[in-house]
Amino acid sequence: MGKVWKDGDIIENPWTAADANNEGVPSRGVGTLDQWRADPTLTAVEIKSDEDVSDLTQSLDQLRLVVLKIEDFNDGRSFSQARHLREAGFTGELRAAGNFLQDQVQYLQRCGVDAFELSADIKISAMEAALSEFSVSYQMPLDERSAEISLAR
Amino acid sequence: MYTYNANDRQLLSERVTQFRGQMQRYLEGELGEEQFRPLRLQNGLYIQRKAPMLRIAVPYGLLSSQQLRKLASLTRDYDKGYAHVSTRQNFQLNWPELERVPDLLGELAEVDMHCIQTSGNCIRNTTTDQFAGVSPDEVVDPRPYCELIRQWSTLHPEFAFLPRKFKIAVCGSQSDRAAIYSHDIGLALQHDRQGNLGVQVLVGGGLGRTPVIGSEIESWLDIKHLLSYLEAVLRVYNQLGRRDNKYKARIKILVRAMGVDKFREAVHREWSKLKDGDNTLTEKRIEDVRAHFRAMPYEQLDATAEAALLAQHDDPIFKNWLKRNTRGHKVAGYRAVTVALKHRDLAPGDITADQLDHLAELADRFSFSEARTTHHQNMVLADVRERDLHDLWTALQKANLATANAGYLTDMICCPGGDFCSLANAKSIPVSDAIRDRFDDLDYLYDLGPIELNISGCMNACGHHHIGHIGILGVDKKGKEFFQVSLGGRQAESPKIGKILGPSFGASEIPEVIAKILERYVELRQEDELFIDTIHRVGIEPFKERVYG
Ligand code: HEM
Ligand code: SF4
């Protein structure tokens with residue numbers, strides 16, 4: 001099942017991971033983008049870096065969880081996907097999973113990610129420290145909290 | 001220049017702490033090579049042939065004398081007592097020790113300097129005209145806009161892992177001294193008919209393996225949209241740029257594959273969501289940044305009286321230097337001075353610690369304590385009173401900083417090449433040395449007029465050989481070093497990529513090849529026709545015949 005960091009807590013992942021070979025997606029299961037296309041009532045979807053999130057933005061109200069699956073930490077498309085979803089009004093859980101670095105979690109968070117699937121490579125204490133590595137930022141805020149620390153105005 | 005506030009400093013110090021931690025994890029084996037790579041690159045740290053190479057950011061080429069002094073001391077304490085000015089206005093150190101880089105960054109931060117995003121697949125240092133703010137042909141001072149871009153792009157959370165590096169250049173003058181057509185994004189500030197400030201946007205220019213001249217995607221965009229528009233371009237590139245082949249990953253390849261019109265459409269789709277949003281520049285925001293770049297406290301001088309003072313000095317060497325290495329200024333009685341880093345004892349663009357200290361002192365004495373780096377690998381003191389020029393020249397001469405060749409053949413651009421760089425096919429510095437030795441007669445160089453000669457040690461084109469009037473490129477043939485020569489490249493005013501003359505040459509043949517090209521030019525030129533204009537009038541055939549005939 002694995003663990004997830006969410007809003008400061010470590011929780012057991014309540015969702016079953018996406019599996020393209022699944023015939024149907026179980027309840028509390030994450031669907032792949034194709035599975036979601038076949039059954040848009042699914043409430044959790046996994047998006048790979050090379051997939052287009054714009055389809056999802058049609059039915060964001062339905063979705064409770066989007067998992068951004070990062071296969072290679074050098075591939076920065078997930079950052080744009082995250083902002084894309086948040087800007088389109090997605091308010092559910094936006095989770096990063098896969099091969100990301102501790103050094104990227106604050107960037108991901110600032111793009112709108114609010115949960116991280118933990119892997120053996122990442123120490124929880126180090127990750128939490130990394131989330132507050134920078135107390136200031138030049139870019140405009142995505143939410144109120146960062147508004148206070150933004151330099152931009 | 002822009003002065004840091006508490007928040008800017010906070011960010012730098014947090015960055016140093018972060019990198020110290022990353023370095024420690026790397027040294028302890030917790031971070032592998034692959035993981036550490038993008039992290040160190042975004043802090044300017046390359047692992048090179050002989051030692052690590054560290055690239056220090058000089059935002060749009062502007063430095064204070066205090067920063068120069070710090071650089072001098074860092075090159076002494078952490079390196080071999082010299083630094084190198086790059087074609088993108090940054091400094092490079094060739095010999096720092098890996099383990100000590102965090103300390104070096106800590107010291108840099110003391111003078112508000114850093115290595116953030118000087119390499120890696122992210123938005124790099126924004127560059128501009130070395131004569132920004134002082135040039136008579138200036139339309140708008142580009143520096144405040146460069147600073148706004150610097151802030152926006154620094155640690156931008158969305159764009160730190162792009163398909164490839166991304167370079168932005170800004171031009172605010174009539175003649176383009178920032179090579180905006182060979183950047184991923186080129187911006188030209190201009191007013192519309194009603195006098196509103198806006199910006200022309202070019203995308204997809206670049207050198208490297210596939211040299212491309214940038215295409216216009218907006219002829220004029222209201223300045224308030226600058227950042228939201230850049231954000232839209234970057235987002236399209238981040239999502240659609242190729243990631244399967246690093247040689248095809250630059251935005252130029254994407255723009256070509258999509259076509260400019262389709263690319264523009266994609267940008268507009270993104271932009272429609274971002275336009276008028278948080279990134280919109282308010283007048284106040286622009287004014288706040290502009291306040292950092294107010295005119296210097298110039299004296300009101302009488303131009304004729306100043307000229308008379310200058311005319312007292314009739315030393316011919318001084319007069320040569322005056323003519324070649326100084327240029328007109330917006331303010332009467334002042335000139336901008338090019339400090340040549342092209343002395344025969346050093347590689348083009350190299351500057352020693354003592355010279356850095358010396359320059360700091362001269363900046364304090366003569367130029368409001370500021371200096372600049374240039375795309376041509378020189379430095380500039382931008383605000384010198386004409387009456388001080390002789391004293392300044394005397395002092396520069398003592399420090400070997402007064403080679404009077406700015407803009408002439410031996411004011412070459414040259415990459416570090418095989419002496420330092422592990423990607424090199426050939427050693428470029430010895431070729432530049434040989435050319436300099438062969439053409440050491442300044443009178444001959446002056447007679448030839450302005451010529452740009454650019455040398456790269458491989459097709460990555462760090463020396464901008466494609467856009468040199470004469471371009472020299474190191475190539476590898478069966479493990480041997482050869483050099484390909486091209487003619488007719490041009491950076492400004494209808495930019496062009498040079499044409500390859502023919503089969504390549506051995507290093508030792510190059511000075512003779514250049515000599516033949518120059519001879520042929522002298523035969524062909526009509527009156528005062530410039531080298532580059534002759535080439536464009538007659539084509540490369542006559543030169544080919546002479547060189548290979
Ligand atoms: C010694 C270490 C260096 C290494 C390993 C290095 C590596 C590279 C590589 C791989 C590229 C091509 C990237 C691409 O096309 O995507 C490149 C481009 C470039 N380099 Fe360097 N470089 C070095 C030093 C320098 C120096 C000293 C300068 C300045 C004199 C410089 C200026 C540039 C510029 C301006 C480009 C841009 C060409 C373009 O826009 O495509 N580099 N460098
Ligand atoms: S052009 Fe090639 S040889 Fe020269 S510095 Fe760049 S990568 Fe190295």
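Values for this structure:
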| read-out | value |
| --- | --- |
| Pick from the range B:59-97, criterion within 16 Å of ligand 2 (Cβ to nearest atom) and either of a type in the set (Lys, Arg) or more than 24 Å from B:Ala178 (Cβ to Cβ) (or both), ranking: surrounded by the fewest Cβ atoms within 10 Å (Cβ to Cβ) | B:Trp95 |
| Single match in B:Arg37, B:Arg25 (criterion: over 29 Å from the mean Cα position of the chain (by Cα) and either without any contact (Cβ under 8 Å) to a residue 60 or more places away in the chain or closer than 30 Å to B:Gly133 by Cα (or both)) | B:Arg25 |
| Residue within the range A:15-26 that is within 11 Å of chain B (Cβ to nearest Cβ), surrounded by fewer than 22 Cβ atoms within 10 Å (Cβ to Cβ) and charged (D, E, K, R) present | no |
| Count - residues of the range B:199-216 that are more than 15 Å from B:Val170 (Cβ to Cβ) and touching a Phe, Trp or Tyr at 6+ places or on another chain (Cβ under 7 Å) | 2 |
| Any hit, the range B:271-284, residues being in a loop (DSSP other than H, G, I, E, B), within 22 Å of A:Ser78 (Cβ to Cβ) and of a type in the set (Gly, Ala, Ser) | yes |
| Filtered residues of the range B:213-260 (kept if more than 13 Å from chain A (Cβ to nearest Cβ), assigned to a helix (DSSP H, G or I) and small (Gly, Ala, Ser)) | B:Ala257 |
| Tabulated pairs, the range B:104-115, first closer than 19 Å to B:Tyr60 by Cβ, second assigned to a loop (DSSP other than H, G, I, E, B) and of a type in the set (Gly, Ala, Ser), C-beta under 8 angstrom, 6+ apart or interchain | B:Met113/B:Ala57; B:His114/B:Ala57; B:Cys115/B:Gly44; B:Cys115/B:Ala57 |
| Every residue from the range B:186-211 that is without any contact (Cβ under 8 Å) to a residue 60 or more places away in the chain and β-branched (Val, Ile, Thr) | B:Val199, B:Val201, B:Thr210 |
| The range A:101-131 - residue that is within 13 Å of chain B (Cβ to nearest Cβ) and of a type in the set (D, E, K, R) and, of those, nearest to A:Ser80 (Cα to Cα) | A:Arg110 |
| Filter result for the condition that a residue is more than 24 Å from A:Asn74 (Cα to Cα) and assigned to a helix (DSSP H, G or I), over B:Asp77, B:Asp176, B:Asp112 | B:Asp77 |
| Set B:Ala406, B:Ala371, B:Ala347: member being touching a helix residue (DSSP H, G or I) at 6+ places or on another chain (Cβ under 7 Å), within 16 Å of ligand 2 (Cβ to nearest atom) and not in a helix (DSSP H, G or I) | B:Ala347 |
| Long-range neighbours under 8 Å by Cβ, at least six apart or interchain, first residue of a type in the set (D, E, K, R) within the range B:345-362, second within 16 Å of ligand 2 (Cβ to nearest atom) | B:Asp350/B:Ala83; B:Asp350/B:His84; B:Asp350/B:Val85 |
| Tabulated pairs, the range B:442-467, first within 25 Å of B:Ser494 (Cβ to Cβ), second near ligand 2 (Cβ under 7 Å from one of its atoms) and part of a helix (DSSP H, G or I), C-beta under 9 angstrom, 6+ apart or interchain | B:Ile455/B:Gly417; B:Ser456/B:Gly417; B:Cys462/B:Gly417; B:Gly463/B:Gly417 |
| Failed item in (1) at pLDDT below 90; (2) buried (at least 20 other Cβ atoms within 10 Å of the Cβ); (3) more than 16 Å from ligand 2 (Cβ to nearest atom), with B:Glu452 passing the rest | (1) |
| Filtered residues of the range B:199-230 (kept if of a type in the set (Asp, Glu) and more than 14 Å from B:Gly186 (Cα to Cα)) | B:Asp222 |
| Residues that are touching a Pro at 6+ places or on another chain (Cβ under 6 Å) and either more than 29 Å from B:Phe318 (Cα to Cα) or surrounded by 18 or more Cβ atoms within 10 Å (Cβ to Cβ) (or both), drawn from the range B:389-431 | B:Met412, B:Cys414 |
| Search result, residues across the range B:327-349 that are buried (at least 23 other Cβ atoms within 10 Å of the Cβ) and not aliphatic (A, V, I, L, M) | B:Tyr334, B:Arg335, B:Thr338, B:Lys342, B:Pro348, B:Gly349 |
| One residue from A:Ala82, A:Ala96, A:Ala88 being at the interface with chain B (Cβ under 9 Å from one of its Cβ atoms) and buried (at least 22 other Cβ atoms within 10 Å of the Cβ) | A:Ala82 |
| Some residue of the range B:462-471 being farther than 13 Å from B:Cys414 by Cα, away from ligand 1 (no atom under 16 Å from the Cβ), part of a helix (DSSP H, G or I) and not acidic (Asp, Glu) | no |
| Test: A:Ala152 is more than 30 Å from B:Glu147 (Cβ to Cβ) and either modelled with pLDDT of 95 or more or facing chain B (nearest Cβ under 9 Å) (or both) | no |
| Cross-chain or 6+ apart pairs with Cβ under 7 Å, the range B:422-439 first and more than 12 Å from ligand 1 (Cβ to nearest atom), then among the hydroxyl-bearing types (Ser, Thr, Tyr) | B:Ile435/B:Thr410; B:Arg436/B:Thr410; B:Phe439/B:Thr410 |
| Looking only at the range B:468-479, and only at residues there that are over 17 Å from B:Ser432 (Cβ atoms) and in contact (Cβ under 8 Å) with a residue 12 or more places away in the chain, the one that is farthest from ligand 2 (Cβ to nearest atom) | B:Lys477 |
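Results for (1) crowded, with 17+ Cβ neighbours inside 10 Å; (2) more than 22 Å from A:Val136 (Cα to Cα), shown as yes or no for each residue.
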position	(1), (2)
B:Ala6	no, no
B:Leu12	yes, no
B:Arg15	yes, no
B:Glu34	no, yes
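The values are calculated or read from the model by the stated rules, or taken from the named source; none is laboratory data. These numbers were taken from a predicted model, which means no experiment stands behind them. As a convention, Cβ positions derive from the backbone with ideal geometry for all residues, glycine included, and neighbour counts pool all protein chains shown.
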